[in-house]
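*Asks:* Before anything else, here's the structure in question.
The values are calculated or read from the model by the stated rules, or taken from the named source; none is laboratory data. Remember, it's a predicted structure, so these values are computed and weren't measured experimentally. Cβ atoms come from the backbone with ideal geometry, glycine included; neighbour counts cover every protein chain shown.
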């Protein structure tokens, strides 16, 4: 294969049907941002919407906005938009709380739906907070249940009649490896278990079809590929067939059948709404809602094609430019991974800090992974070039080998 | 008492030491806003802070803001500010999630701290969602516990050795009646029970001293008198002496001892931080944080004095101007109530809608209460006059007796 040049990358950007989306985002100058899988960039539409939510809705219309601007059903309206991105019906998704809280709700509900079964099955490589939430739930319930961890590649074979719910993250946060949603879900169902998918690294990053896979439950976050802003509210999915059977452990007023009659007894709302709990953070949720509109304008197949192309280009450039610097590929193969790639290097932490100091922002995942996320709505092919050029400069000059880059910050 | 005039009210505004605070808020023209106990008005400082959080922190600094702008300890920093308003130490309060979710956390923790006791004691007049949350928790735990409801005036005598935790809202959302925090807490402790206070209608409205009362646990919201914006994140308090004994049921990554090592086992953080769960909505939380700074500039004793004076003036004006219109006083006596008053009338719903149509915004609480909240940072004495003048006009003309005001909206 002939050597790739920056001009080649520029040519690919000119031919990219998604290229116009970049101007819909605010992006800092002199930065190559490859961390949209941790925090998506700021959509300009979100700025405008937030200004409206603050100045008009809160500032002028005040409490009346619950009706006037429909704050009251914003969780359902934003949820319906996410539903279109993950293969769910409009009435199967709501936006609420955080991913962790939503996972707690649905794991608790799942254990009640399968009272004779004691196992929550997951993998050690699941996102840690998902495991923590399961542990806290089991602890709270008195230790009658068990969190069983089996490596991802063997998990389908480990589903047996003791398993109440299989809880997996669809796209692994480190390797990017995608679980076969339909196949694992079918295995779970064959054993009589429920299937819960965490879509944090999937929603907005690649095509997802929960209903085609017959998934039972799902959660996901709003601040990664959905670009909803830092700590944006999360979402949850309950397949229609389960909705009336769910007993919400977090039974707050927003999930009540008649939230404004102020009854003293809890009566769950019909449908997905019973999974709401307290009053949602309207400003953060409005921001997410506006970001979703931008995402929905794009074709998810085009997003997936560009995502894979960006990752492959990046890896090819690392091979071409940094081949002698000792990076190992920490990513799953192209069609088996989400919208990220990982490079392994013993000095990964310091290298990432040196890269960030040069304006190339990825992140580090212990013990040795430099992680780069590709957000096809705003990342360009030249971003891959510029990132690898910076990486080459860091490595050629051993720039990472400085005390300031080796000191671990509070957040990495 | 001689007749009160609008000029009298204007004179009181001129003499009001808190009057300058009004210009720190955005308030709509031609509106008298007496619903700050449902949604506080917009502080100008919050607008500026949110713009900074969006444009600079999210837009330009992106993921780096977790360190650069200290998003990572914003829950603790905002919590410490609330601590100053409610008589707690800086390390005893965090901002997180919603009031309902926080109540779930602390009730669950309380039941574990008192394993031999099966009762959550509350009152039927508690805010309904507080009762719903207790019901959902008990249901989830298999029905081994009981939510026992005893009318507020008799509750102190109902605390016995079966009670694990007494869960009360400090200021009643309808009558405004204040529980004697120190006395009820002492009764709870004498019986070996824990005491949990909901401060939704207290924080920022009147002096609260959790530690002087030896309270164990507390929750509260950010969007009423704290002016944190619609659905602003809530807070929770755990007295220092209990912090290491709390087993958080919602055990997410933000409450982990080492959130960035990505261990697969949950290990609770030391101190109050273990009560955090998932990633917080940073935009909504930043807004609240800025609003707290405004509140902290004011003297809480002055806030209380003005609050009581506004309520008394309002009631005196209702008597003077609307005496023949059949309103009953639905409020607790002056020094026994929070920062609100209630009028009872069989046509309360329609009357409130007609008032709102005239730009006087209070709210309605079924079956028959018109509720008016007074926020001393931005409400004036002339607001009381103008509100009652509008009420008189509505009543004199029977303006409420129109179909458009009698039709119940989704949210009231």
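*Asks:* Please go through the range A:159-192 and pick out each residue that is part of a strand (DSSP E or B) and either within 16 Å of residue A:107 (Cβ to Cβ) or not assigned by TED's automatic domain parsing to the domain that holds residue A:138 (or both).
*Replies:* A:163, A:164, A:165, A:166, A:167, A:168, A:169
*Asks:* May I pose another question? Is it the case, given these coordinates, that residue A:28 is assigned to a loop (DSSP other than H, G, I, E, B), surrounded by fewer than 20 Cβ atoms within 10 Å (Cβ to Cβ), touching a residue at least 40 places away in the same chain (Cβ under 8 Å) and touching a helix residue (DSSP H, G or I) at 6+ places or on another chain (Cβ under 9 Å)?
*Replies:* When the stated conditions are applied, residue A:28 does not pass them.
*Asks:* Quick check on this structure: which one of B:338, B:359, B:311 is in the same structural domain as residue B:391 (by TED's automatic domain parsing), surrounded by fewer than 18 Cβ atoms within 10 Å (Cβ to Cβ) and modelled with pLDDT of 95 or more?
*Replies:* Just one listed residue meets the conditions, B:359.
*Asks:* Restricted to the range B:399-412, and to residues that are at pLDDT 80 or above and surrounded by 13 or more Cβ atoms within 10 Å (Cβ to Cβ), which residue is farthest from the other protein chains (Cβ to nearest Cβ)?
*Replies:* Across the range B:399-412, the extreme among qualifying residues is B:401.
*Asks:* A follow-up question, please. Do you know which of the residues in the range B:250-264 that are in a loop (DSSP other than H, G, I, E, B), at the interface with chain A (Cβ under 7 Å from one of its Cβ atoms) and modelled with pLDDT of 95 or more is farthest from residue A:97 (Cα to Cα)?
*Replies:* B:251
*Asks:* Could you check the range A:2-16 and list, in sequence order, the residues that are over 14 Å from residue A:379 (Cβ atoms) and either under 23 Å from the mean Cα position of the chain (by Cα) or assigned to a loop (DSSP other than H, G, I, E, B) (or both)?
*Replies:* Listed by number, the residues that qualify are A:2, A:3, A:4, A:5, A:15.
*Asks:* Hey, residue A:242 hits all of (1) at pLDDT below 95; (2) outside any loop (DSSP other than H, G, I, E, B) but one; which does it fall short on?
*Replies:* Residue A:242 satisfies every listed condition except (1).
*Asks:* Pull up the range A:362-379, narrow it to residues that are buried (at least 20 other Cβ atoms within 10 Å of the Cβ) and free of Cβ contacts under 8 Å to residues at least 60 places away in the same chain, then point me to the one that is nearest to the other protein chains (Cβ to nearest Cβ).
*Replies:* Per the criteria, the residue is A:364.
Residues checked against (1) surrounded by 19 or more Cβ atoms within 10 Å (Cβ to Cβ); (2) part of a helix (DSSP H, G or I); (3) assigned by TED's automatic domain parsing to the domain that holds residue B:289; (4) without any contact (Cβ under 8 Å) to a residue 12 or more places away in the chain:
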residue: B:84; (1), (2), (3), (4): no, yes, yes, no
residue: B:88; (1), (2), (3), (4): yes, no, yes, no
residue: B:108; (1), (2), (3), (4): yes, yes, yes, no
residue: B:129; (1), (2), (3), (4): yes, yes, yes, no
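*Asks:* Any residue in the range A:33-50 that is more than 10 Å from every other protein chain (Cβ to nearest Cβ) and in a helix (DSSP H, G or I) sitting within a Cβ distance under 8 Å of a residue that is surrounded by 24 or more Cβ atoms within 10 Å (Cβ to Cβ) and at pLDDT 95 or above? List the pairs, counting only those 6 or more apart or interchain.
*Replies:* Pairs found: A:45/A:291; A:49/A:286; A:49/A:287; A:49/A:289.
*Asks:* Please specify each residue of the range A:61-72 satisfying the condition of being within 8 Å of chain B (Cβ to nearest Cβ) and within 16 Å of residue A:260 (Cα to Cα).
*Replies:* A:63, A:64, A:65, A:66, A:67, A:71, A:72
*Asks:* Then there is this: From the list A:240, A:267, which one is over 16 Å from residue A:84 (Cα atoms) and more than 7 Å from chain B (Cβ to nearest Cβ)?
*Replies:* A:267
*Asks:* Do you know which residues across the range A:271-298 are within 7 Å of chain B (Cβ to nearest Cβ) and either under 17 Å from the mean Cα position of the chain (by Cα) or not in a helix (DSSP H, G or I) (or both)?
*Replies:* Within the range A:271-298, A:277, A:278, A:279, A:280, A:281, A:284, A:287 meet the criteria.
*Asks:* Also, quick follow-up: Looking only at the range B:320-333, decide whether some residue is buried (at least 21 other Cβ atoms within 10 Å of the Cβ), over 16 Å from residue B:12 (Cβ atoms) and modelled with pLDDT of 95 or more.
*Replies:* No, that holds for no residue.
*Asks:* Which of the residues that make up the range B:73-95 are over 17 Å from the mean Cα position of the chain (by Cα) and within 14 Å of another protein chain (Cβ to nearest Cβ)?
*Replies:* B:73, B:74, B:75, B:76, B:77
*Asks:* If you don't mind, another one. If residue B:51 satisfies all but one of (1) more than 26 Å from residue B:302 (Cα to Cα); (2) buried (at least 19 other Cβ atoms within 10 Å of the Cβ), what's the number of the condition it fails?
*Replies:* (2)
*Asks:* Read through the list (1) in a loop (DSSP other than H, G, I, E, B); (2) touching a helix residue (DSSP H, G or I) at 6+ places or on another chain (Cβ under 9 Å); (3) crowded, with 19+ Cβ neighbours inside 10 Å, then give the number of the only condition that residue A:65 fails.
*Replies:* (1) is the only condition that residue A:65 fails.
*Asks:* Out of the residues in the range B:131-150 that are under 23 Å from residue A:258 (Cβ atoms) and touching a residue at least 24 places away in the same chain (Cβ under 8 Å), state the one that is surrounded by the most Cβ atoms within 10 Å (Cβ to Cβ).
*Replies:* It comes out as B:133.
*Asks:* Considering only the range B:83-94, I want to know if a residue exists there that is modelled with pLDDT of 95 or more and on the phi > 0 side of the Ramachandran plot.
*Replies:* Yes: one or more hits.
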